[in-house]
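The values are calculated or read from the model by the stated rules, or taken from the named source; none is laboratory data. None of these values were measured; they are calculated from a predicted model. All Cβ positions, even for glycine, are placed from backbone atoms using ideal geometry, and neighbour counts span all protein chains on display.
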Amino acid sequence: MRYRFQTGLGTLIQLIVVSLLSLINTIINIVSTCHSSSSDCVSNTVPTLILFIITVFWFVGIAAMGFLVQKKRSRRLNLFLLGAEGITFLVSGYFDFPRASGLIAKTTSLIDAIISVWVIFMAVNIFLYKKRRIVKGSKPRISRPKS
């Protein structure tokens with residue numbers, strides 16, 4: 001199977017990359033807030049950690065959906081994956097990227113948007129193939145008559 005049909009691998013890469021970059025961004029955000037004003041430290045740390053946990057759960061759900069779409073070829077799951085990745089692309093590319101402060105936050109949003117487009121491309125390929133067998137080449141096999 002080629003890479004253009006492996007939504008499980010794509011969503012797993014998305015989970016790992018975005019979670020690590022979000023963790024780095026969260027730590028930088030907490031440290032900078034606590035360093036600049038110690039009175040806002042706790043009031044900023046709790047919502048930032050909650051947002052990080054929600055983000056990780058979102059991408060864990062997308063990764064699980066990606067593996068199920070790859071394995072079962074379900075059209076309904078595929079549509080859910082397309083919708084979830086569309087929401088992810090909209091949030092990361094349209095809302096977060098222009099408003100992100102700092103290089104790490106912008107990089108995280110940009111990488112997330114790029115990986116979302118990649119996974120959307122793979123999910124569309126699986127959706128178009130339906131439940132047919134995916135083969136490497138497009139040449140039909142010609143059987144030669146036995147003589």
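Enumerate the pairs (first residue in region 24-47 and closer than 20 Å to residue 108 by Cα; second residue anywhere and modelled with pLDDT under 85 and of a type in the set (D, E, K, R)) with beta-carbon separation below 9 Å, excluding pairs fewer than 6 apart on the same chain, so at least 6 apart or on different chains.
The qualifying pairs are 33/40.
How many residues does region 36-78 contain that are surrounded by fewer than 12 Cβ atoms within 10 Å (Cβ to Cβ), over 19 Å from the mean Cα position of the chain (by Cα) and assigned to a helix (DSSP H, G or I)?
Selection size over region 36-78: 9.
Can you find a residue in region 61-78 that is among the aromatic types (Phe, Trp, Tyr) and within 18 Å of residue 25 (Cβ to Cβ)?
no
Taking only pairs six or more apart or across chains, which ones have beta-carbon atoms under 7 Å, a first residue in region 74-88 that is basic (Lys, Arg), and a second residue that is assigned to a helix (DSSP H, G or I)?
Hits for this filter: 75/127.
Look through 92, 109, 116 and report the one residue that is in contact with an Asp or Glu (Cβ under 7 Å, 6 or more places away or on another chain), free of Cβ contacts under 8 Å to residues at least 24 places away in the same chain and closer than 30 Å to residue 127 by Cα.
109
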